[in-house]
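Report on the following structure.
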Amino acid sequence: MDSILVKGNGPLNGQIPIAGAKNACLTLMPATLLSEEPLTLTNAPRLSDIKTMTLLLQSLGTEISSLQDGKVIAMSSHNLDNHVADYEIVRKMRASNLVLGPMLARLGQAVVSLPGGCAIGARPMDLHIYGLEKLGAQIELRDGYLHAKAPGGLKGAEMELSFASVGATENILMAATLAKGTTVIKNAAREPEIVDLADCLRAMGAQIEGDGTPDIVIQGVDRLGSATHAVVTDRIELGTYMLAPCIAGGEVELLGGRIDLVGAFCEKLDAAGITVEETDKGLKVARKNGRVKAVDVVTEPFPGFPTDLQAQMMALMCTAEGTSVLEEKIFENRFMHAPELGRMGANIEVSGGTATVHGVEKLKGAPVMATDLRASVSLILAGLAAEGETLVNRVYHLDRGYERLEEKLKGVGALIERVQGV
Ligand code: EPZ
């Protein structure tokens with residue numbers, strides 16, 4: 001298993017290009033199952049999770065070509081010959097469950113393995129099941145697989161999600177595009193990735209309104225056509241790299257960055273004393289001098305502070321002036337980075353869903369590891385300004401969500417390299 005070696009090297013300066021969003025691409029790809037016509041995605045990120053989704057869709061019969069070094073994904077689901085999403089693939093990546101809704105809508109049946117828990121939480125699918133059953137599906141859990149049927153096709157319905165689940169909203173939204181009649185999803189997720197999916201589905205011929213608000217209304221259509229769609233900018237990669245100059249000092253321009261994707265996050269940076277400036281190429285972030293100020297954070301569904309930036313924000317708070325309280329309200333176990341940051345000299349107390357961070361002057365490099373994608377990258381960020389070397393192990397987590405991470409950080413002056421595993 002490879003590792004990444006980071007050495008604190010002072011302020012960073014230059015530009016970092018931001019890729020297409022992993023969490024948009026992972027729901028846009030299964031949308032191909034809804035149509036017999038081709039669906040082409042541009043601005044796709046080059047990530048191992050995308051490769052996993054490719055394998056899953058190919059196992060169902062989708063033809064996929066990856067063009068332009070992976071930035072273009074051309075798909076055709078004209079001949080689907082399998083409706084079983086196998087455990088071996090699904091257990092590697094929870095987003096595999098996003099084939100359930102589209103397969104049910106197109107084929108009238110789907111068998112999808114329950115993904116099982118992951119490091120950050122149990123990851124149940126009760127809201128996915130609730131919504132699809134509202135559309136008339138019969139779903140049974142057997143041998144760890146969801147066996148779903150909709151023999152007479154799906155029918156539009158009104159429903160209200162008890163929690164604004166991103167994945168459940170995506171599965172229900174995709175299924176509803178081919179249901180007979182009108183579907184209303186109340187308390188729907190409002191993430192930019194939902195709006196990007198709705199934009200793509202509309203380009204394919206779906207009739208959707210209200211995406212990005214709590215109430216989404218879908219008029220079912222008989223069939224969807226073809227489309228070419230550009231994947232939206234990755235707001236989590238954007239926020240992650242915005243923190244690099246905040247932690248190490250200097251000034252970095254994030255190419256393709258959009259302020260509307262990171263509103264709540266920028267409010268916290270502003271309160272911490274960081275200036276974020278919109279440029280004609282993206283966003284420029286600078287920490288001119290001195291320490292940032294400690295700020296409190298509560299993670300919430302969009303447009304609140306994103307849970308996927310909580311670990312990275314904690315890395316910044318470790319050397320902030322004062323004490324920061326971070327509340328993780330989305331996942332039940334998303335502080336695995338805290339004890340690893342503690343190995344670097346951070347002063348963090350975790351109690352249930354709350355982490356209290358007492359800022360220290362400087363962290364010290366150390367060998368560390370994490371068990372999820374965002375925890376891993378928070379350790380890389382901490383290493384950018386730590387004294388000495390930080391060796392982050394289990395780098396396969398990072399490759400799931402950050403394309404060419406070393407190259408992008410080297411490009412702004414970081415001392416970082418990949419160390420081949422033994
Ligand atoms: C998506 O996961 C993202 N993944 C996650 O990003 C992100 O953290 C999460 O949304 C929240 O923003 C993808 O888009 C591929 P949820 P998802 O359904 O859809 C509970 C990353 O690092 N819940 O909004 O699984 C669930 O247990 C990943 O890129 C139910 O109780 O998130 C969790 O506590 C990590 N029942 C909370 O809701 C359900 O049926 C949020 O889940 C579904 C979810």
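The values are calculated or read from the model by the stated rules, or taken from the named source; none is laboratory data. Not measured: the values here are computed from a predicted model. So basically every Cβ, Gly included, is an ideal-geometry build from the backbone, and we count neighbours across all protein chains shown. Surface accessibility is based on the protein's heavy atoms, side chains included, excluding ligands, DNA and RNA. Shrake-Rupley method; radii C 1.70, N 1.55, O 1.52, S 1.80 Å.
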- Message: Here is a list: G257, G273, G239. Which entry is assigned to a loop (DSSP other than H, G, I, E, B) and touching a Leu at 6+ places or on another chain (Cβ under 9 Å)?
- Response: G257
- Selection over region 118-149 where residues are touching a helix residue (DSSP H, G or I) at 6+ places or on another chain (Cβ under 9 Å), touching a residue at least 12 places away in the same chain (Cβ under 8 Å) and under 20 Å from S96 (Cβ atoms) yields a count of 18
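Could you grab me the full set of residues in region 276-298 that are of a type outside the set (G, A, S), more than 13 Å from M313 (Cα to Cα) and assigned to a strand (DSSP E or B)?
V276, E277, E278, L283, K284, V285, R287
Quick grid of which residues meet (1) in contact with a helix residue (DSSP H, G or I) (Cβ under 7 Å, 6 or more places away or on another chain); (2) over 16 Å from T240 (Cα atoms):
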| site | (1), (2) |
| --- | --- |
| I259 | yes, no |
| A294 | yes, yes |
| T307 | no, no |
| M314 | yes, no |
| G322 | no, yes |
| V325 | no, yes |
| I330 | yes, yes |
| H337 | yes, no |
| T354 | no, yes |
- Can you spot a residue in region 99-115 that is crowded, with 16+ Cβ neighbours inside 10 Å, of a type in the set (A, V, I, L, M, F, W, C) and under 26 Å from V395 (Cβ atoms)? no
- Message: Quick check on my filter: what residues within region 403-421 are surrounded by fewer than 24 Cβ atoms within 10 Å (Cβ to Cβ), hydrophobic (A, V, I, L, M, F, W, C) and either not assigned by TED's automatic domain parsing to the domain that holds D308 or not in a loop (DSSP other than H, G, I, E, B) (or both)?
- Response: L405, L415, I416, V419
- Query: Does A148 meet the test of being over 20 Å from A85 (Cα atoms) and assigned by TED's automatic domain parsing to the domain that holds G220?
  - Reply: no
- Message: For the structure I just gave you, tell me whether R94 is open to solvent by 20 Å² or more (accessible area, probe 1.4 Å) and at pLDDT 95 or above.
- Response: no
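Listed here are the residues, each with its yes/no results for (1) within 16 Å of the ligand (Cβ to nearest atom); (2) in the same structural domain as N82 (by TED's automatic domain parsing); (3) open to solvent by 10 Å² or more (accessible area, probe 1.4 Å).
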residue	(1), (2), (3)
L33	no, yes, no
A44	yes, yes, no
T54	yes, yes, yes
Q58	no, yes, yes
T62	no, yes, no
K71	no, yes, yes
- Message: Test of understanding: among D260, D308, D296, D215, which residue is out of contact with any strand residue (DSSP E or B) (no Cβ under 8 Å at 6 or more places or on another chain) and either of a type in the set (V, I, T) or more than 16 Å from the ligand (Cβ to nearest atom) (or both)?
- Response: D260
- Can you tell me which residues in region 156-185 are more than 9 Å from the ligand (Cβ to nearest atom) and over 16 Å from A206 (Cβ atoms)? A157, E158, M159, E160
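State all residues of region 353-373 that are more than 14 Å from the ligand (Cβ to nearest atom) and either under 16 Å from L326 (Cβ atoms) or assigned to a loop (DSSP other than H, G, I, E, B) (or both); if no residue qualifies, say none.
T354, A355, T356, V357, H358, G359, V360, E361, K362, L363, G365, A366
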- Task: Might you let me know whether region 132-142 holds any residue that is surrounded by fewer than 20 Cβ atoms within 10 Å (Cβ to Cβ) and in contact with a Phe, Trp or Tyr (Cβ under 9 Å, 6 or more places away or on another chain)?
- Result: no
- Query: Based on what the data block shows, is I216 in the same structural domain as V184 (by TED's automatic domain parsing), under 24 Å from the mean Cα position of the chain (by Cα) and among the β-branched types (V, I, T)?
  - Reply: yes
- Note on the structure: Cβ pairs under 7 Å, 6+ apart or interchain, first in region 150-168 and acidic (D, E), second more than 16 Å from the ligand (Cβ to nearest atom), ordered by first then second residue, are E158/V184
- Note on the structure: In the set A168, A122, the lone residue that is under 22 Å from I194 (Cα atoms) and aliphatic (A, V, I, L, M) is A168
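Each row is one residue, and each column tells you yes or no for (1) closer than 25 Å to G345 by Cβ; (2) more than 18 Å from the chain's Cα centre (by Cα); (3) buried (at least 16 other Cβ atoms within 10 Å of the Cβ).
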{"residue": "G249", "(1), (2), (3)": "yes, yes, yes"}
{"residue": "G256", "(1), (2), (3)": "no, no, yes"}
{"residue": "K268", "(1), (2), (3)": "yes, yes, yes"}
{"residue": "A272", "(1), (2), (3)": "yes, yes, yes"}
{"residue": "E278", "(1), (2), (3)": "no, yes, no"}
{"residue": "R287", "(1), (2), (3)": "yes, yes, yes"}
{"residue": "E321", "(1), (2), (3)": "yes, yes, no"}
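Please work out which residue is nearest to the ligand (Cβ to nearest atom), limiting yourself to region 385-402 and to residues that are within 23 Å of the chain's Cα centre (by Cα) and open to solvent by less than 10 Å² (accessible area, probe 1.4 Å).
Restricting attention to region 385-402, the residues satisfying the condition of being within 23 Å of the chain's Cα centre (by Cα) are 392-402.
Now narrow it down to the ones that are open to solvent by less than 10 Å² (accessible area, probe 1.4 Å): 392, 395, 398, 401-402.
Working: V392: 16, V395: 16, L398: 11, G401: 6, Y402: 10 Å.
Per the criteria, the residue is G401.
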- Query: Going by the structure shown, is R291 at pLDDT below 95 and open to solvent by less than 60 Å² (accessible area, probe 1.4 Å)?
  - Reply: no
- Task: All but one of (1) open to solvent by 50 Å² or more (accessible area, probe 1.4 Å); (2) of a type outside the set (A, V, I, L, M, F, W, C); (3) outside any helix (DSSP H, G or I) hold for R334, so report the exception by its number.
- Result: (1)
